[in-house]
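Remarks on the structure that follows.
The values are calculated or read from the model by the stated rules, or taken from the named source; none is laboratory data. Here the structure is a predicted model, which is why all the values come from computation and not from measurement. Neighbour counts are summed over all protein chains in view; Cβ atoms, including those assigned to glycine, are modelled from backbone coordinates with ideal geometry. Just so you know, the surface numbers come from the protein's heavy atoms only, side chains and all, with ligands and any DNA or RNA stripped out. Shrake-Rupley method; radii C 1.70, N 1.55, O 1.52, S 1.80 Å.
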Amino acid sequence: MSLKKDKILLLLTGLVVALFSTLLVYFGNPGNMGFCIACFIRDIAGSVKLHSTQTVQYMRPEIIGLVLGSFAISLITGEFRPRGGSSPFLRFAIGFIVAVGALVFLGCPLRMVLRLSAGDLNAFVGLIGFILGIFTGCLFLNAGFSLGRAEKQNALEGSAISLINIVFFVILIAFPSILAFSTSGPGSMRAPVFLSLLAGLAVGACAQKSRMCFAGGIRDTFLIKDFTLLFALLSVFIFNLVFSLLTGTFKLGFSSQSVAHQAQLWNLLGLYAVGFGSVLIGGCPLRQLILAGEGNSDSAISTLGFFIGAAFAHNFSLASSAASAESIGGPSLRGKVVLIILIAVLFLIAATVTIKNRRKENE
């Protein structure tokens, strides 16, 4: 595929993301949350009772659609390639940390862009942290960091996460009584099931073909001065800005933003952890879901880390609270301390693996 076609595909993918994000919010999703990988994975974790926070429990069809859309299009185009086995525990641990960081910020990189394009300036602070985290990860990549090479695996291994998501959807439709559903809070705010599934399928298919990755665009800019993947970020921003203005949902400022907080240091540090971790595992949370759908079990392991990290964040009160009339919101003291510890763990993992790889090179 030519560079021009790559950019056109990324622009079109951004249009699809922004369009469906707008529709999902219009038909019931929380404000500025047409898509949020971290928030929706958290909701699914609550729905299957991995955590007990009653306001964030719902089997989000958008996540199911993202995985299955990638799975389907990769099968159709012959790009389904089962592979994995590269440092699975470290990938799980980093995925766990990324989920906690995202829930301290209250959103993944995709939601960061959606929030920013709708006027939420708290997301701009998060963007700064995200860029700094990616830059830190790039320093370690340049120094020799690598989690190793994935090996070819069997088709069942590569399709396992897609099969699990099919089971999730069947349960949602046929046996909903065994799931937990929020009756208030963000988990209770949801678009119709089949619109949500369609949105996920469309974005999953487009993201698989375009290789959309919010961390990847900034990483490639730092490492090889390649701006191609940045078109995805810019496209989502521009199209969602237009839709926000057209629908009257654009609101510029720090205060009174939907499901956001104004504790700016923790907005920055939350997405710093997300950016740093995303570089180490080779992609942002959205990209990990798409790779998992096309058969990458390493990304499936990272996704499992997201689930457990999201559940842990709510079981132990690490996730931030949204701002209110009485408070600027943000994480609890426990959440702040744990996030700092987890960022230190990211440095420890990155430094240890880098030193080990350089020693191997010198042998």
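Could you please find all residues in the stretch 10-28 being over 17 Å from Ser117 (Cα atoms) and buried (at least 20 other Cβ atoms within 10 Å of the Cβ)?
The answer is Leu10, and nothing else.
Can you run down the residue pairs with Cβ atoms below 6 Å, 6 or more apart or on separate chains, where the first is in the stretch 318-331 and aliphatic (A, V, I, L, M) and the partner is assigned to a loop (DSSP other than H, G, I, E, B)?
As it stands, the answer is Ala322/Val259; Ala322/His261; Ala322/Gly329; Ala323/His261; Ala323/Gln262; Ala323/Gly329; Ile328/Gln262; Ile328/Ala263, since those pairs meet every condition given.
Could you list all residues from the stretch 32-65 that are part of a loop (DSSP other than H, G, I, E, B), closer than 17 Å to Thr183 by Cα and among the small types (Gly, Ala, Ser)?
The one that is part of a loop (DSSP other than H, G, I, E, B), closer than 17 Å to Thr183 by Cα and among the small types (Gly, Ala, Ser): Ser52.
Ser184: more than 19 Å from Gly275 (Cα to Cα), open to solvent by 10 Å² or more (accessible area, probe 1.4 Å) and in a loop (DSSP other than H, G, I, E, B), yes or no? Outline the logic, then answer.
Details: more than 19 Å from Gly275 (Cα to Cα): yes; open to solvent by 10 Å² or more (accessible area, probe 1.4 Å): yes; in a loop (DSSP other than H, G, I, E, B): yes.
Yes: the conditions hold for Ser184.
Restricting the search to the stretch 317-346, which residues are among the charged types (D, E, K, R) and either modelled with pLDDT under 95 or not in a helix (DSSP H, G or I) (or both)?
Glu326 - this is the single residue of the stretch 317-346 that is among the charged types (D, E, K, R) and either modelled with pLDDT under 95 or not in a helix (DSSP H, G or I) (or both).
Report yes if Asp226 is of a type outside the set (Phe, Trp, Tyr), assigned to a helix (DSSP H, G or I), without any contact (Cβ under 8 Å) to a residue 40 or more places away in the chain and farther than 19 Å from Leu121 by Cβ, otherwise no.
no
On the basis of being more than 23 Å from Ala232 (Cα to Cα) and open to solvent by 40 Å² or more (accessible area, probe 1.4 Å), does Val48 make the cut?
Spelling it out, Val48 is indeed more than 23 Å from Ala232 (Cα to Cα) and open to solvent by 40 Å² or more (accessible area, probe 1.4 Å).
Residue pairs, Cβ under 8 Å, 6 or more apart or interchain, first in the stretch 46-61 and more than 25 Å from Ser162 (Cβ to Cβ) and at pLDDT below 95, second surrounded by fewer than 16 Cβ atoms within 10 Å (Cβ to Cβ) and of a type in the set (A, V, I, L, M). List them.
Within 8 Å, no pair qualifies.
Only one of these conditions is not met by Ile37: (1) surrounded by fewer than 24 Cβ atoms within 10 Å (Cβ to Cβ); (2) more than 19 Å from Val170 (Cα to Cα); (3) touching a helix residue (DSSP H, G or I) at 6+ places or on another chain (Cβ under 9 Å). Which number is it?
Evaluating Ile37 over (1) surrounded by fewer than 24 Cβ atoms within 10 Å (Cβ to Cβ); (2) more than 19 Å from Val170 (Cα to Cα); (3) touching a helix residue (DSSP H, G or I) at 6+ places or on another chain (Cβ under 9 Å) leaves (1) as the failure.
What do you reckon, is Ser196 surrounded by fewer than 18 Cβ atoms within 10 Å (Cβ to Cβ), polar (S, T, N, Q) and at pLDDT 95 or above?
Against the criterion (surrounded by fewer than 18 Cβ atoms within 10 Å (Cβ to Cβ), polar (S, T, N, Q) and at pLDDT 95 or above), Ser196 does not qualify.
Consider Leu291 carefully, then state whether it is under 20 Å from Cys206 (Cα atoms) and open to solvent by 10 Å² or more (accessible area, probe 1.4 Å).
Yes, satisfied.
Identify the residue in the stretch 211-264 that is more than 20 Å from Phe27 (Cβ to Cβ), open to solvent by less than 60 Å² (accessible area, probe 1.4 Å) and of a type in the set (S, T, N, Q) and, among all such residues, is modelled with the lowest pLDDT.
Going through the qualifying residues, I end up with Thr228.
Inside the stretch 71-155, counting only helices (runs of 4 or more DSSP H) that do not spill past its ends, which hold 2 or more residues that are open to solvent by 20 Å² or more (accessible area, probe 1.4 Å) and under 30 Å from Thr22 (Cα atoms)? Give the derivation first.
Numbers: elements: 88-105, 109-117, 122-143.
Fully inside the stretch 71-155 and qualifying: 122-143.
One line per residue, one yes/no per condition, for (1) in contact with a Pro (Cβ under 8 Å, 6 or more places away or on another chain); (2) open to solvent by 30 Å² or more (accessible area, probe 1.4 Å); (3) β-branched (Val, Ile, Thr); (4) farther than 18 Å from Ile97 by Cβ:
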residue: Trp266; (1), (2), (3), (4): yes, yes, no, no
residue: Phe306; (1), (2), (3), (4): yes, no, no, no
residue: Ser327; (1), (2), (3), (4): no, yes, no, yes
residue: Gly335; (1), (2), (3), (4): no, no, no, no
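Which one is farthest from Ser47 (Cα to Cα) among residues in the stretch 308-318 that are open to solvent by 10 Å² or more (accessible area, probe 1.4 Å) and touching a Ser or Thr at 6+ places or on another chain (Cβ under 8 Å)? Explain how you work it out, then say what you get.
Within the stretch 308-318, the subset open to solvent by 10 Å² or more (accessible area, probe 1.4 Å) is 308, 312, 314-317.
When the remaining residues are screened for being touching a Ser or Thr at 6+ places or on another chain (Cβ under 8 Å), the result is 314-315, 317.
On the way: His314: 13, Asn315: 13, Ser317: 17 Å.
Per the stated criteria, the residue is Ser317.
Exactly one of (1) open to solvent by less than 40 Å² (accessible area, probe 1.4 Å); (2) closer than 29 Å to Ala45 by Cα is unmet by Ile164. Its number?
It is condition (1) that Ile164 fails.
Considering only residues that are surrounded by fewer than 16 Cβ atoms within 10 Å (Cβ to Cβ), hydrophobic (A, V, I, L, M, F, W, C) and touching a residue at least 40 places away in the same chain (Cβ under 8 Å), which ones fall in the stretch 348-360?
Scanning the stretch 348-360 gives a single hit, Ala351.
Consider Leu9 against the criteria (1) of a type in the set (A, V, I, L, M, F, W, C); (2) part of a loop (DSSP other than H, G, I, E, B); (3) at pLDDT below 95: it satisfies all of them except one. Which criterion is unmet?
For Leu9, the exception is condition (2).
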